[in-house]
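Quick note: the coordinates plus some simple rules give every number you see, no bench work behind them. All figures in this text were calculated on a predicted structure; none of them were measured in a lab. So basically every Cβ, Gly included, is an ideal-geometry build from the backbone, and we count neighbours across all protein chains shown.
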Amino acid sequence: MAHAATHDHDDHHGAPKGFFQRWVMSTNHKDIGTLYLIFSLTMFFIGGAFAMVIRAELFKPGMQLVQPYFFNEMTTMHALVMIFGAIMPAFVGLANWMVPLMVGAPDMALPRMNNLSFWILPFAFFMLLSTLFMPGGGPAGGWTMYPPLSLQGESVAYVIFAIHLMGISSIMGAINIIATILNMRAPGMDLLKMPVFVWSWLITAFLLIAVMPVLAGAVTMLLTDKYFHTNFFNAAGGGDPVLFQHIFWFFGHPEVYIMILPAFGIISEIIPTFARKPIFGYRAMVFAIASIAFLSFIVWAHHMFAVGLPMGAEIFFMYATMLIAVPTGVKVFNWVSTMWGGSMTFETPMLFSIAFVILFTIGGFSGLMLALAPADFQYHDTYFVVAHFHYVLVTGAAFSIMAAAYYWIPKWSGHMYSETWGKIHFWSSVISVNVLFFPQHFLGLAGMPRRIPDYNVAFANFNMISSIGGFWFGASQLIFLGVIIHCVFFSKKKAADRSWEGAKGLEWTVPSPAPFHTFDVPPVIHDDELAHGNTDH
Amino acid sequence: MALFGGEAWANPVANQMNMTKGVSEWSPYAMHMVALWVCVVIGVLVFGAMFIAMFRFRKSRGAVAEKWAHSTKLEVVWTVVPVIILIFLANLATGGLTTFADTTGADMTIKVTGYQWKWRYDYVDYKGKGVDKVGFVSKLEESSDRTRQLKSNLDPEKIQVEGYNTYLLDVDKPLVVPVGVKIRFIIVGGDVIHSWWVPALGWKMDAIPGIANAAWTNIKEPGVYRGQCAELCGQDHGFMPIVVKAVPKAEFEQWLATQEDEAKIQKAAQTAQNAPAPAPQG
């Protein structure tokens, strides 16, 4: 039996005492998870600061604050930092903390690689951000790096090296998560009994392994075009600028699902907890995530409807894209059905989850509209698109991360956060984020292109409203920071092991805060303790 | 809500909330409105159900959680119904796409070239006859350009043409086209990728180096229609507007003739200038 092996050595030591030993040399999934989350929060504020510059310049017509080139650096950096620095590491951090706890594993399968995949990131972002202080400035060709424009920049080599590092980090993280989920589950934790969050990450990890090398290939071709006289994307040398867009979006579309599938998982954990009712249609939820992941590989050119694709291609990518609405709809309907007939309370994680369902769905609606190629000829590259992807990424991905933080922080810190301040953070965020992004739909429909530093006075009012919402939303996140710091260091309210009345799953069977080592001995699994898979359907 | 109702705005108006109906024979406006209403109806149903659930099934109202977590019947319904709605939308969109993609039968061809940060227009043919050397560069007009400089302290509100604010939406030399003629645009990029977009014409098309894209319009009403570059193309991406001046056919033909004459005079002048230098050309 497994028990015999673990009794051979005394492994019940705590965390290393030295700061350097504990944090820099860590191989502990909880500490590395914490590092990821702190890193992500830092990047969230840095990327947010860039967004504040953008919204400040767009506050009214005329150029008041920055030069147009610097404005482009801000839009580019805002996207790169938020995508690769804030959203993705936050999900990896959550996976690090929660996947072993949720499947009854003692740690991640590959702890040293875990350390490496985290510690690459600060260096990658140091390099990326340092370009802002160099002569010639940072990247200003958009996060999509379309050539020939992106090759006009002086910082190409730095940016591409940074992206390679981020890619290596992501791939290692993904390998680790797959290895952990497939090999380290406690006996009795069948695949179809796993929490939806674990399922969502398993599928996401495969997406990461599939597409990060594609991005690496695309940017390497940019690098050789810039410095080694190749002509992959140079029309004058027989290359094709559109080729880059195909390769980029073959990465890019799965990438946007990498940023939303774990969010689906989180929401599928939180809503059943606070509705006190099992998730509706567990298998359908898992199958929907898998279908969305599959479809993500065959829709990339819907980002390119205006590049002049042949009509057959436009029709194919339009139909394939529209199909995504079906599994996504299933997820939304199932979340609503989980709430129906429940016994709901509305603590902060639940509030963020409900806001997620509504606002992500609004982002989904605009996504459906964008999928219609003829209409996209108008929407494309306007603020309508900006509104769309901020609804799915801010009120989608970022809100799910906030929901997760509130949901699991009692388990991480051993303390309850301030519910009052959590709710203040929620209401302030949810109102301001709509003031920020909803008017952008109108701006786009009225004809305002994206990525412009200045605009005609017809667009003035909605831009001002949007900017006010932006500053307000930015300031609201300081409340979030305050709630976290208070919870971790100052809160007197001890968290129970099962911190939420309706919470199910293995993570709630260990003490709060979770000890440095958990599940040294695989837990004996009782099906009725699991959140999912315990009913016969 | 006048700003939400369907109007054929030639140019953006203050507080405009919806897409223009456009002035061309082809317009995605109807498609857009159908999709919008489909989304609104589904949204009302789904969010309505959510709010009812949040009200009825609260613990504070004594709700006791039920145990069910599955219903094959419901799941089939909400897989099949969206598919039917999507087929309807796809059918509509395919029709729109087919008409848009058909650039044949055009009576006129204009070549559009995007440069950092201006547009060049070349008139290629009109009514089956080649146009002789009519082409020009069109860029942001001077007062907007002065005003948009960082800390210029000039007021964007003051830049007006006929009572309409044209800040960043006016050029030194507009593209002149006839109404009621199917015009084919050949769109290319001269340096980086740009995108030629006039909302009133209903589409945008990327201007890519090395690729000749085609699109068409058939403007129904005379007027001045403004647009902007829609693909990030560098520091002055926000400052390369597009102005299309649509005029009645007769007026256009007269304008075109004048332009051809001017081109001839210019060419003659150039030849005269070059005459003293007998260096063989080409």
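For this structure, a couple of remarks:
- Based on every Cα atom in region A:390-537, Rg and the maximum pairwise Cα distance Dmax equal 21.0, 67 Å.
- Per residue, the convex hull volume that the Cα atoms of region B:47-88 enclose (Å³): 72 Å³
- Amide hydrogen neighbours beyond the local backbone of B:Val181, cut-off 5 Å, H modeled: B:Ile219
- Per-residue Cβ neighbour rank within 10 angstrom, fewest leading, B:Val198, A:Val196: A:Val196, B:Val198
- Overall form of region B:66-198 per C-alpha gyration tensor (a/c, 1.5; a/b vs b/c): oblate
- Inter-site label distance for B:Lys158 and A:Arg112 at 7 Å from Cα along Cβ, in nm: 7.0 nm
- Segments A:458-467, A:441-450 sorted - mean Cβ within 10 Å per residue, highest first: A:441-450, A:458-467
- Extent of region A:12-83 along its three principal axes (Cα atoms, max minus min coordinate, largest first): 64, 17, 16 Å.
- Ratio Rg/Rh [Cα only; Rh per Kirkwood] for region B:4-117: 1.18
- Largest-first principal axis extents of the Cα set of region A:450-537 (Å): 66, 42, 24
- Mean Cβ count within 10 Å, highest first, over the residues of peptides A:165-177, B:132-144: A:165-177, B:132-144
- Taking a ≥ b ≥ c as the square roots of the eigenvalues of the Cα gyration tensor, region B:165-282 is classed as oblate, since a/c reaches at least 1.5 and a/b does not exceed b/c.
- Average Cα contact separation per residue, chain B, under 8 Å, 6 or more apart, as relative contact order %: 19 percent
- With one equal scatterer per alpha carbon and no solvent term, the Debye-computed log10 I(q)/I(0) for region A:347-451 at 0.14, 0.16, 0.21 1/Å reads -0.58, -0.70, -0.98.
- As computed over region A:314-362, the Cα convex hull volume per residue (Å³): 67 Å³
- Rounded Å value of the spacing that divides the Cα centres of region A:100-134 and region A:414-435: 28 Å
- Cα convex hull of region A:87-222 - mean projected area over all directions, nm²: 8.4 nm²
- Remark: chain B is approximated by an ellipsoid whose semi-axes, taken from the C-alpha gyration tensor as √(5λ), come to 50, 23, 18 Å, largest first.
- For B:Ile186, the residues whose amide H sits under 5 Å from its own are B:Ile110, B:Lys111, B:Val112, ignoring neighbours fewer than 5 places away on the same chain, with H placed 1.01 Å from N.
- Averaging the sequence gap over all C-alpha pairs within less than 8 Å and six or more residues apart, then dividing by the number of residues, gives chain A a relative contact order of 18 percent.
- Applying Stokes-Einstein at 37 °C and 0.692 mPa s to the Kirkwood radius of region A:219-269, computed over alpha-carbon pairs, gives a translational diffusion coefficient of 256 µm² s⁻¹.
- Average beta-carbon neighbours from other chains, 10 Å sphere, peptide A:456-466: 5
- Pairwise centroid distance, computed over Cα atoms, of region A:167-240 with region B:195-220, Å: 35 Å
- Expressed in Å, the radius of gyration and Dmax of the Cα atoms of region A:274-421 are 18.1, 58.
- For region B:162-218: rounded, prolate or oblate by the Cα gyration tensor [a/c cutoff 1.5]: oblate
- Relative contact order [Cα under 8 Å, 6+ residues apart], region B:125-211, whole percent: 20 percent
- Spin-label pair A:His486/A:Leu191, simplified geometry with 7 Å Cα→Cβ offset, distance in nm: 4.5 nm
- Nearest 10 degrees, 0 to 90: helix A:460-485 Cα axis against chain A principal axis: 30 degrees
- Pairwise alpha-carbon distances in chain A exceed 39 Å for 23% of all pairs.
- Extending 7 Å from Cα along the Cβ direction at A:Met311 and again at B:Thr271 yields two label points whose distance is 4.4 nm.
- Over 32 Å between alpha carbons, listed pairs B:Lys133/B:Lys182; A:Lys30/B:Lys59; A:Lys411/B:Lys67; A:Lys331/B:Lys59; B:Lys220/B:Lys267: A:Lys30/B:Lys59; B:Lys220/B:Lys267
- Residue list for region A:170-208, given a label point 7 angstrom along the Cα-to-Cβ vector of A:Val521 and an amide N cut-off under 18 Å: A:186-189
- Counts of other chain beta carbons within 10 angstrom of each beta carbon in peptide A:162-170 average 0.
- Coupling constants for region A:512-522 follow from the phi torsions by the Karplus curve (6.51 cos²θ - 1.76 cosθ + 1.60, θ = phi - 60°), and in residue order they are 10, x, 4, x, 3, 10, 10, 6, 4, 10, x Hz; glycine and proline get x.
- Derived scalar couplings between HN and Hα for region A:272-289 equal x, 4, 8, 8, 6, 8, x, 4, 6, x, 3, 5, 5, 5, 5, 5, 4, 4 Hz in order, rounded to whole Hz, by the Karplus curve 6.51 cos²θ - 1.76 cosθ + 1.60 (θ = phi - 60°), x for Gly and Pro.
- Computed from the C-beta positions of A:Thr42 and B:Val137, the FRET efficiency with R₀ = 45 Å rounds to 0.45.
- For region A:259-339, the extents of the C-alpha atoms along the principal axes are 51, 19, 16 Å, listed from largest to smallest.
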